[in-house]
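Each remark here refers to the structure printed beneath this line.
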Amino acid sequence: MRKIVAITVILVLTLGTLSGCKKQTNTTTTVKKDDVELTYYRLFDDEDIFEPLIREYESENSHVTINYRKFTDPEQYLDLIINELAEGEGPDIFSMHNTWFTQHRKKLTPIPNTLITTEDFNNVFVSVANDDLVSPDSTGTDQIYGLPMYVDTLALYYNQDHFEDAVPSRGKPASTWEELQEDVYKLTKADNSFERFEVAGIAMGRADNILRAIDILYLLMIQFGTDFYDEAFTEATFADAAGAITGSLSHPGVDALSFFTQFALPSSKYYTWNAYLADDDSAEKEVKTFARGKASMIIGYSYLYEQILDEIAELEKKGQDTINSSTIQIATIPQVEDPETSTSKRDTYASYFAETVARTSENSEEAWKFLSFLVEKENLEHYHTETNRPTSRRDMIEEQAEDATYGIFAEQIGYAESFPIADADAYEEVFAEAIEAVLNTEDPDDVMKDAQEKVNLYMPSEGFYPVTVSTE
């Protein structure tokens, strides 16, 4: 009997101990499950810009840890993300260029509508963000796939001294492309040097030695009224005769290509740019030409201002002549019609990165909560102070527009435009080849038709926004 009692006591104690361990294990598992670790990939911006925002969020959400990783090469960055996501790994959060969203939307998790609705999104952010980042899912329901921290636009940088000398009646660039052509003619100074020009009126016309050449061409195509695709977004139509904004433009896409390339064609009255004015193998390209005082105008985004200043400093270290930084001015991008007298909508081209969440993330809702925190007004004010990038929020435009240097970019946000792109790298290659073909004296109409055929090879057969039709 004693043995039986002893064995019974031992069994009870043993079972109690195992049960206690099991309960303890479950409790530990629950705690670990509540802890969230988010990996965040971004291009260009140093960690110290985001460090105070991340620390603030982590202090308010003690269960969340955010690991930030910076990249500098866009092509390698995107390839890495695509490969990692294909293996079920990769970041929870990452930045995507606005031209990448159409192609890679299926790799993303949309934001829960409990955090922000599409209506609220459009009320908070500028319209181009709604065009780029809000898309219908397979059921036709609009979903938000990205949150923008800024929206940049193309503007016109110019040498004020050159304009005071060549166009003293105005002292600044014209507001229309037609008038700007005449400015270029007055500013251009040809000579017998290897470069053929003492001063080039504007860096336009080529794709190989101009940093944002394809974006400038896209801008012109938008302004000239080009219909890039058919209504179903299944076929490219930019070479067709459609969408002209004036009676004189029968093929707006072709006309945009012709207008762009005229500045690099020796047969043109407005010939001002060639292969010798900027090194196509350099990272600086036309920026160096402008910094040397050899170009009167170049086109670029807000970050171009710092690039010009850096290039001036580099050239001065080498003992080379440069322009004075005080002569660098920025104007709004020219329009087809005079914005002072026309009721037509103005247009500039938008380029920016937006934050998104990977479909493979196991903590997508927590990731979107963090991104929603990042785009709050006070946090974007911090981001703007650190980077000078123009805001994406409507309620910050007015204040930023008062900035003496960067105000132009805030002013332009309201009329920034873009268009869906099936493959950004492929399109860039197609249009670069089109520009080169025109410079080789091929007919612009034939060139654009060929470009259209090439772009159609990248178009998804079901279109950009396929909708599943219910059979019920």
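The values are calculated or read from the model by the stated rules, or taken from the named source; none is laboratory data. These numbers were taken from a predicted model, which means no experiment stands behind them. All Cβ positions, even for glycine, are placed from backbone atoms using ideal geometry, and neighbour counts span all protein chains on display. With ligands, DNA and RNA removed, areas are computed over all heavy atoms of the protein, side chains included. Shrake-Rupley method; radii C 1.70, N 1.55, O 1.52, S 1.80 Å.
Tabulated results
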| read-out | value |
| --- | --- |
| Test set (1) in contact with a Phe, Trp or Tyr (Cβ under 9 Å, 6 or more places away or on another chain); (2) open to solvent by 40 Å² or more (accessible area, probe 1.4 Å); (3) in a strand (DSSP E or B) - T65 fails condition number | (1) |
| One residue from Q452, Q412 being in contact (Cβ under 8 Å) with a residue 12 or more places away in the chain, within 27 Å of V124 (Cα to Cα) and open to solvent by less than 30 Å² (accessible area, probe 1.4 Å) | Q412 |
| Counted residues, the stretch 115-139 - those being part of a helix (DSSP H, G or I) and in contact (Cβ under 8 Å) with a residue 24 or more places away in the chain | 9 |
| Strands (runs of 3 or more DSSP E) wholly inside the stretch 141-246 that include at least 3 residues being within 27 Å of A295 (Cβ to Cβ) and modelled with pLDDT of 95 or more | 155-159, 197-199 |
| Checking L80 against (1) at pLDDT 95 or above; (2) more than 20 Å from the chain's Cα centre (by Cα), the condition it does not meet | (2) |
| Failed item, numbered, when I323 is tested on (1) surrounded by fewer than 19 Cβ atoms within 10 Å (Cβ to Cβ); (2) farther than 24 Å from F101 by Cα | (1) |
| Any pair with Cβ under 6 angstrom, 6 or more apart, that starts in the stretch 197-217 at a residue that is over 23 Å from D161 (Cα atoms) and ends at one that is among the polar types (S, T, N, Q) and buried (at least 20 other Cβ atoms within 10 Å of the Cβ) | G205/T261 |
| E89 being out of contact with any strand residue (DSSP E or B) (no Cβ under 8 Å at 6 or more places or on another chain), open to solvent by 60 Å² or more (accessible area, probe 1.4 Å), part of a loop (DSSP other than H, G, I, E, B) and over 28 Å from T153 (Cβ atoms) | yes |
| The stretch 323-381: number of residues that are over 21 Å from the mean Cα position of the chain (by Cα), closer than 30 Å to S175 by Cβ and of a type in the set (K, R) | 1 |
| Of all residues making up the stretch 270-312, the number that are surrounded by fewer than 18 Cβ atoms within 10 Å (Cβ to Cβ), of a type in the set (F, W, Y) and farther than 22 Å from N192 by Cα | 1 |
| Answer from S392, S372, S361 - the residue that is modelled with pLDDT of 95 or more, within 19 Å of L147 (Cα to Cα) and open to solvent by 20 Å² or more (accessible area, probe 1.4 Å) | S372 |
| Enumeration of residues in the stretch 151-174 that are in contact (Cβ under 8 Å) with a residue 60 or more places away in the chain and out of contact with any helix residue (DSSP H, G or I) (no Cβ under 7 Å at 6 or more places or on another chain) | L156, Y158, F163 |
| Residue tally, condition within 16 Å of the chain's Cα centre (by Cα) and not in a loop (DSSP other than H, G, I, E, B), over the stretch 392-417 | 9 |
| Complete set of residues in the stretch 161-184 that are more than 22 Å from T348 (Cα to Cα), surrounded by 15 or more Cβ atoms within 10 Å (Cβ to Cβ) and of a type outside the set (G, A, S) | D161, H162, F163, V167 |
| Neighbours by Cβ (under 6 Å, 6+ apart or cross-chain): first from the stretch 28-50, β-branched (V, I, T); second surrounded by 10 or more Cβ atoms within 10 Å (Cβ to Cβ) and modelled with pLDDT of 90 or more | V36/H63; V36/V64; V36/N363; V36/E366; T39/N67; T39/P91; T39/D92; I49/E386 |
| Residue in the stretch 190-202 that is at positive phi, touching a Leu at 6+ places or on another chain (Cβ under 9 Å) and open to solvent by 50 Å² or more (accessible area, probe 1.4 Å) present | yes |
| Among the candidates L108, L115, residue that is open to solvent by 20 Å² or more (accessible area, probe 1.4 Å) and hydrophobic (A, V, I, L, M, F, W, C) | L115 |
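Results for (1) touching a His at 6+ places or on another chain (Cβ under 9 Å); (2) within 22 Å of T117 (Cβ to Cβ); (3) among the small types (G, A, S); (4) not in a strand (DSSP E or B), shown as yes or no for each residue.
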| site | (1), (2), (3), (4) |
| --- | --- |
| E337 | no, no, no, yes |
| S344 | no, no, yes, yes |
| E386 | no, no, no, yes |
| P390 | yes, no, no, yes |
